[in-house]
Amino acid sequence: MRLERFILEMENAGFDGAIVSPGANFYYLTGFNLHETGERPTLLVISSDGAYHLLAPAMYRNQISNFPVTFWSDGENPYHKLSWIFGELKLSGGRLLVENTMRADWLINILKLGNGRFELHPLSQVIRELRMRKDEKEIKLMEHAAKVVDRVFDELLTWDLLGISERELALKIELRIRELSDGISFEPIVASGENAANPHHEPGERKLRKGDMVILDYGARWRGYCSDITRTIAIGKPNERLVEIYETVREAQEKAFRTVREGVMAREVDSAAREAISKAGYGEYFPHRTGHGLGLEVHEEPYIGPDGDVVLGEGMTFTIEPGIYVPGLGGVRIEDDVAVVDGRGRRLTRSDRELILL
Ligand SMILES: CSCC[C@H](N)C(=O)N1CCC[C@H]1C(=O)O
């Protein structure tokens, strides 16, 4: 059980306990996906002695079973109950791991209860090692999420794209992902023409026209796990320079993928892509890392950048997505999701990477 493994790691690292708020780590450890608890304090308290207890709003009563839990109702003070949980778990002070993204108001109240006796550290310090290595079941779920985005790509190539606005196309992609999966893993990016020079362009009213290169970047979620794909397509015949850029990015992506192997540093994958792009003279137009870990979150460890000091290992899953962005002209990005399986890189997304002219 994940929670037991986590407790062992936490104890080995010399921590007395952990406090986890809803999000990917909470889901990873409990299996409960408590949607939108928002401002209502919801906290999983774990002691390195092996005991754990959840504090949750009463309105989530039907979603939590077979787990030690104390519910609080609107109008009650949840921190009185949290204090009781600390007592039960004998957590009166010491070194505690806390969720990196915990709300400041919850954190302040926890510190008040600790009365100066808690020394807080980020939870990621211990949980990252567990989260980074996916087991077979997790990889299967990610393969499913990847199949959904591949299917959406096949389908969108049959849609009438000439004259559609970026916003409309993003909506159509989102709708199709929602029909085929549990939802989107992030808001789709549709960046056409000169807008494609912005890696995180927000789809707007610009309509797709002949000669455009269009970056399509979107992802699906399946049973908590994410996919993330980017393809760049051309509407009619694009400018020669953009075709040259496309081929450079395609080669960079391929070279980076071929570098993936157990034992290789994340930064070696990044430099394979970066060198190919720099050699073609576009180094200054590749402003981001080559990829990022992918799993319960769309951006997680291991990060595949120039500073990537993680040694790639079995079960790690990440994207490879080099890009070139030239202001005033446009851009190209090609992205696949990759898993390290049997020591080698395996592409989870498999859509065509050749330049497609519509
Ligand atoms: C979560 S929004 C961005 C999704 C996209 N696939 C992505 O992760 N990136 C686009 C440019 C680089 C890369 C990133 O690191 O943000």
Residue ID - farthest from the ligand (Cβ to nearest atom), chosen from residues in region 188-208 that are surrounded by 15 or more Cβ atoms within 10 Å (Cβ to Cβ) and closer than 20 Å to ARG221 by Cα: VAL190
Which of the residues belonging to region 48-83 are aliphatic (A, V, I, L, M), under 16 Å from TRP106 (Cα atoms) and assigned to a helix (DSSP H, G or I)? LEU82
Scan region 209-220 for residues that are within 12 Å of the ligand (Cβ to nearest atom) and within 13 Å of the chain's Cα centre (by Cα) and jot them down. TYR218, GLY219
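Residue by residue, here is whether (1) crowded, with 16+ Cβ neighbours inside 10 Å; (2) touching a residue at least 40 places away in the same chain (Cβ under 8 Å); (3) within 22 Å of MET1 (Cα to Cα) holds:
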| position | (1), (2), (3) |
| --- | --- |
| LEU120 | no, no, no |
| LEU123 | yes, yes, yes |
| GLU155 | no, no, no |
| GLU166 | yes, yes, no |
Which ones in region 2-17 are of a type in the set (A, V, I, L, M, F, W, C) and within 12 Å of ALA51 (Cβ to Cβ)? LEU3, ILE7
State which residue is nearest to the ligand (Cβ to nearest atom) when the search covers only region 221-253 and only residues that are out of contact with any helix residue (DSSP H, G or I) (no Cβ under 9 Å at 6 or more places or on another chain) and of a type in the set (D, E, K, R). ARG250
Could you say whether any residue in region 7-26 is farther than 26 Å from ARG131 by Cβ and either surrounded by fewer than 16 Cβ atoms within 10 Å (Cβ to Cβ) or of a type in the set (Gly, Ala, Ser) (or both)? no
Evaluate the following for GLY331: is it more than 26 Å from PHE153 (Cα to Cα) and either in contact (Cβ under 8 Å) with a residue 12 or more places away in the chain or surrounded by 22 or more Cβ atoms within 10 Å (Cβ to Cβ) (or both)? no
Any residue at all in region 149-168 that's within 16 Å of the ligand (Cβ to nearest atom), modelled with pLDDT of 95 or more and within 16 Å of LEU294 (Cα to Cα)? yes
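The values are calculated or read from the model by the stated rules, or taken from the named source; none is laboratory data. The structure displayed is predicted, hence computed values, not measured ones. Please note: Cβ atoms are built from the backbone with ideal geometry, for glycine as well, and neighbour counts cover all protein chains shown.
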